[in-house]
1. Consider all pairwise Cα distances in the chain and report the whole-number % of them above 23 Å.
2. Mind giving me the nanometre distance, one decimal, between the label points for residue 284 and residue 87, set 7 Å out from Cα along Cα→Cβ?
3. Return a whole-number percent for the relative contact order of the range 91-228, with Cα pairs under 8 Å and 6 or more residues apart as the contact set.
4. Classify the range 132-291 as rounded, prolate or oblate from the Cα gyration tensor: take a ≥ b ≥ c as the square roots of its eigenvalues, call it rounded if a/c is under 1.5, otherwise prolate when a/b beats b/c and oblate if not.
5. Given a cut-off of under 8 Å on Cα pairs at least six residues apart, what relative contact order in percent is computed for the chain?
6. By how many degrees, 0 to 90 and rounded to 10, does the Cα axis of helix 2-19 deviate from the longest principal axis of the chain?
7. Hey, with R₀ at 25 Å, roughly what FRET efficiency would residue 67 and residue 185 work out to, going by the Cβ-Cβ distance, to 0.05?
8. Determine how many Å³ per residue the convex hull of the Cα atoms of the range 112-208 encloses.
């Protein structure tokens, strides 16, 4: 298993280094590319869910149904529905995880106002479907609260270019990556019946835009969660800020509720975007932990 983990980490590192070796042709850094969250669908440049500072000792499979609609336009003008999945796999240790996630299938509608704002050539309403980008990460828990007073997880994440329908501004046909670290600490209250947890994260996110250029962004996040018996509540505020300063500084606030029964958990969530991620998101799903 140690060799498997090393091989996966090596394979993940290769495309990250390749991004930085893209050759420039003719670049004008004074012209924004508009390859940014504000001008695409909700799954193209999402604000990543942050870690709470811990990895998983068990395999975990998750499936969700998401519905997005715009905070800027009438809901009939811009909406998206998708099926989202995530798989968490412990590697050679419970403190090392391989995580794969992304929207498997997406149906979307965009009206003429949205198409014009996103600089699309389509003047009429668009109804279509597509597949999404997959993300692959290797997560390492480097500190344990029991020994160091705080949990810490670092992760390296690759975004593939598997998403389609660039002509409709659903996904951008280029890979990306990010690195981040999260610090978290848990507190027992009410005689141990309730566990409260807080976490902070920061990192670096990068995606290729056009003509060999790339946008570099600083990531940030804060998390608070409560666990009481089979019920959990988690809220997260986060975002990132790119250097082009044109539609590339999204921020979101999300809240999730979970109810565990055995190895299963039912989950419901809501996320609202601010600044350059102009969407509401509703989520329902189920997760299963095993092995």
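No value in this document is a laboratory result; all are computed from the given coordinates. Predicted, not measured: the structure shown is a model, and the values here were computed from it. Every residue, glycine among them, receives a Cβ derived from its backbone with ideal geometry; neighbour counts consider all protein chains shown.
1. 57
2. The two pseudo-label positions are separated by 2.6 nm.
3. Normalised by residue count, the contact order of the range 91-228 is 16 percent.
4. Cα axes put the range 132-291 in the prolate bin.
5. Value for the chain: 19 percent.
6. Helix 2-19 and the main axis of the chain meet at about 20 degrees.
7. The pair residue 67/residue 185 has a calculated efficiency of 0.15.
8. 167
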